[in-house]
Structure formats: C-alpha cells, structure tokens
Amino acid sequence: MSAQTQAPPAAAELPRKLGLLDATSLLVGAVIGSGIFVVPAIIARRIPEPGLVIAIWLFSGALVLCGALTLAELGAMLPHSGGLYVYIREAYGPFWGFLHGWTSLLVTMTAPIAALTAAFLLYLKYFFSMPLWVEKPLGIALILCFAWINSRGVLWGAWVQNLFTFLKVAGLVALVGLAVAWRPDAAAGVSLPGRFHPFWPSHFSAGLLSGVGAAMISTLFAYEGWHFVGFAAGEIKNPQRNVPYGIFLGVLVVIAVYIAANVAYIYVLGQDGVAASGRVASDAMTVMIGPLGAVLITLAILFSTSGAINSNVLAGPRIVFAMARDRVFFPWAAAVHPRYETPSRAIWMVGAWAAVLTLTGGYEHLITMAEFANWFLYVLAIGSVIILRRKHPEWPRPYRVPGYPWTALVFVIVAAAFVVNTLFDSPRSSLLGLGLVLAGVPIYARFQRTRREKAA
C-alpha cells in the first residue's frame, strides 16, 4: 500500500449528509439520557464530600475525553459506517470485529433502548397513569416510531436528534441558571459555604477508596455513548475535520453540563439533601420554584430520554449494516433504501429486537451482564490506534491524537483495571457477559462457512 492509500470500505458508503452540528449533537444526545437525573444521588450516598464528588465527575470525564480523542484519530482515518466495529476489524481482524458487532446487536445497543424506553414511560406516568397492557404497547410504538423516522432519511433522524439535544441541554442550563439566581441563605437559612462543607475528606480510608471506585462505575455509566459519532462517520461530511471536532466538542459539552448540574444540585439541596433525594433534579427544581419545577424537569427528562433513544436507533444499525456489508452477517441487512438512502433493514432489525427486549422486561439484567464485555471491547477499540500505527503507518492520518501514546495508554490501563475489578466484584455477571460475546463464535463460523460455500 502506498503512503497515499487508505483502507477502502468493503462496499459503497452511505451518502454523507451530516455536518459538525449533527455529529456533536449525536454524541451529546447519546450521552445525556437519564443518568444525570439519578446518578448524583447514588454517588452522594457513597461520597459525602462535594469536592470529591466533583473530582470524580471530572476524572471520569477526562478519562472519556482520552478515549474520545483516540477514537477521533481512528474516525478521521477510517471514516466509514460502523465505528468501533471498523476499528477493531482493521486492527485485530474480522473475527474480533464481528464479536463487537454481535454483542452490540444482542445487548449493548438494544438493551439501552429498552431501558431508556422504560425510563420514558416511568416519567410519562407523572402526567398520565396507565395500566401495564397499555404501557408495553406504547413503549414498542415509541421505539418503532424512532425506527420509522430514521429509516426515512439520516437527515430526519439528525433533525430529531438536534431538537431533543437542544431541549435537554436547555432544561439543564435552565436548572443551573435558576440555581445561580436562587439564594439558599434567604430561602432556607443555610449559608452557601455550609452547602459545600466539608469540601474534601480529611483522610482517605479503604472504605472511602472503595466508595470512589463504586462511584466511578456510576459516572462512567452516565458518560456512556461517547463513542457514537464513529458509528455514523460514513455519513458525515468532511469527516477528517468533522469527526474529531464533533467528538471533542461533544465530550466537552457533556463534561461542562454534568459538572454544572452537580454543583447546582449541591448548591440547592446540600450534599445530604442530594443523598436523601429519590429524584434529585425534580427536588431541586421544586425547592427553587415550587411544584411547577417538578413539571418542567419531568418534561426535560422526557426530552432527554427520547433523544437518547433516537441516538441509539440512529447509530446502532450502522454496525449491523457494516457487518452485513462485510458479509459476516445477513446480506440483506446491507441494503440501502433506494429512495431514502438509509440502511433501513438494519434499522428495523435493531428496532424490532429492542422492542422484544422491552416486551420481556429482562433488559436491565442484560445491561449488567454486558458491562464487562462492553469495557473489554473498549480496551480493544482504543488499543486499535496503537496497533494500526504499527500495522499501517502509511495510512493518511488527517488528525493525530495529542499526547500519543499516553492518551491511549491512560484509557487502556484504567479501562483494563475496570474490567478486572468488575470480574472480581461481579464474577457471575461478568462471566455471563463474556458468554454473550462468545455466543457469537458459532454464529461467525456459520457465516464464514456460508461465504466459502458461495465463493466455491
């Protein structure tokens, strides 16, 4: 391969219609779901010092930024639909790429759709009570509605994504803005320093360090979705610029929103109030502006979960499409709609499976099982930048990750430690998660055998 030759895609790409705003919105919309509305209370019950809580969110964000900057190099170098699947395939071979795609289809992309749908319906019941026989079909209809929107054109899906991302960020910005204008000392007789005191632990014990580790698991869950831009890289215009910029800007927006929201919660409720809250965002808004606050934040959560569902429905099928295009999955899933220019069959396949998971109600356990496998695959994906620099130094790299190789190594080391810790802390769930990955081995062998038979 010459110095000017880049790895070609396996087949014609989807048309490039998405811009920088769409890429950034996809990442922000994917990450900000329901986590920022519930995770702060979980962390506050383990970590009583506000300064340490903010430090955990910052450290987790910095770790995600290291991973995101690394993916930016891979996305600019290999701007094809499929994201992590493409990077793992090129670095380690088609077998490992398939295992990532298989796991994504089975659980890591579809189970979150089901879980987010359940969260949407939970908050919708704040306005409308509904029996189970209405709730389940409504959830399925919601998923299929987003599948229909995205199958009609990537610009349709991007427009919906941009709208919901704007609404959810606007809701959180409004919460922070109200907190800035609100005076806790006048309303509740508590001084501002008292809200943040003690700011930092006087010493670190083994129990506190264990709590920090558990809190990091929660924050990393809240940052999930930081890698979504790569899945749609094949449809982003000027990907050598817009993919890395979209990833970088999106992660920075998420970190800023998360830190500001946490400071606002503590400022309004105090750390003890955050820890005691079952619905921290709703409680904070109620304290500031009364019952109307609970209504407004519930609407913001509905917008937030809707946007996160749409981002999964937009990004997830691109993995299926890429696998089918590489002939390691059902060939019909590689079809591009002749009018709408979308991987419509892959979209409906992902939507249908997510709907099944919604119907069964077992998706929460699937998500728990998949976390071990998910982070194991993250280690492989981020490690791809090191492998590909050695394997294909001649490939053009319009963007290079700053601080290489330390940026990638920091993520790989911390993520690998996370995988090992998960294995020891939750061996049953971790091994079941690994089983989900390995279940793809005979499936891969079947497709390979079929491919050889057709070639013969």
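Below, the figures for the structure above:
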| quantity | calculated |
| --- | --- |
| Only Lys, Arg (+1) and Asp, Glu (-1) charged, at Cβ; the stretch 20-451 dipole about Cα centre in debye | 1000 debye |
| Net length gained if the chain between residue 166 and residue 141 were fully extended (0.36 nm per residue, minus Cα distance) | 6.6 nm |
| Residues residue 159 and residue 132, FRET efficiency given R0 of 51 Å [Cβ-Cβ distance, rounded to 0.05] | 0.95 |
| Extended-chain gain in nm, criterion 0.36 nm per residue less alpha-carbon gap, residue 450 and residue 423 | 6.2 nm |
| Exposure proxy ranking, count of Cβ atoms within 10 Å, fewest first, for 81, 60 | 60, 81 |
| Table column - 3J(HN,Hα) (Hz), the stretch 427-436, Karplus curve with 6.51, -1.76, 1.60, x for Gly and Pro | x, 5, 5, 5, 5, 5, x, 5, x, 4 |
| Projected-area mean, the stretch 20-451, by convex hull of Cα positions, square nanometres | 21.1 nm² |
| Between helix 50-77 and the chain: long-axis angle, C-alpha atoms, 0 to 90°, nearest 10 | 20 degrees |
| Computed label-point distance, nm, for sites residue 237 and residue 256 using a 7 Å Cα→Cβ extension | 2.4 nm |
| With at most 12 neighbouring Cβ atoms within 10 Å, loop trypsin sites (Lys or Arg not before Pro) (DSSP) excluded, longest segment of the chain | 126-338 |
| Over the stretch 20-451, relative contact order from alpha-carbon pairs under 8 Å, at least 6 apart, % | 36 percent |
| The stretch 387-456-the stretch 268-293 distance, computed between alpha-carbon centres (Å) | 41 Å |
| Phi to ³J(HN,Hα) by Karplus 6.51 cos²θ - 1.76 cosθ + 1.60 over the stretch 170-182, Hz, x for Gly, Pro | 4, x, 6, 5, 4, 4, 5, x, 5, 5, 5, 7, 7 |
| Amide H partners (placed H, <5 Å) of residue 18, local residues excluded | 236, 237 |
| Lysines with Cα under 20 Å of residue 168, excluding same-chain neighbours fewer than 8 positions away | 125 |
| Highest to lowest packing among 307-316, 68-77, 429-438, 153-162, scored as the average C-beta count within 10 Å | 307-316, 68-77, 153-162, 429-438 |
| The stretch 252-403 - Debye-derived log10 I(q)/I(0), Cα point model, q = 0.18 Å⁻¹ | -1.23 |
| Among 298, 275, 248 the positive-end extreme of the charge dipole of the stretch 230-344 (Cβ point charges) | 248 |
| Backbone HN-Hα couplings from phi across the stretch 327-335 [Karplus 6.51/-1.76/1.60, Hz, Gly and Pro as x] | 6, 10, 8, 4, x, 5, 6, 8, 5 |
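Quick note: the coordinates plus some simple rules give every number you see, no bench work behind them. All values reported here derive from a predicted model rather than from experimental measurement. No Cβ is skipped: glycine too gets one built from the backbone with ideal geometry, and neighbour counts run over all protein chains shown.
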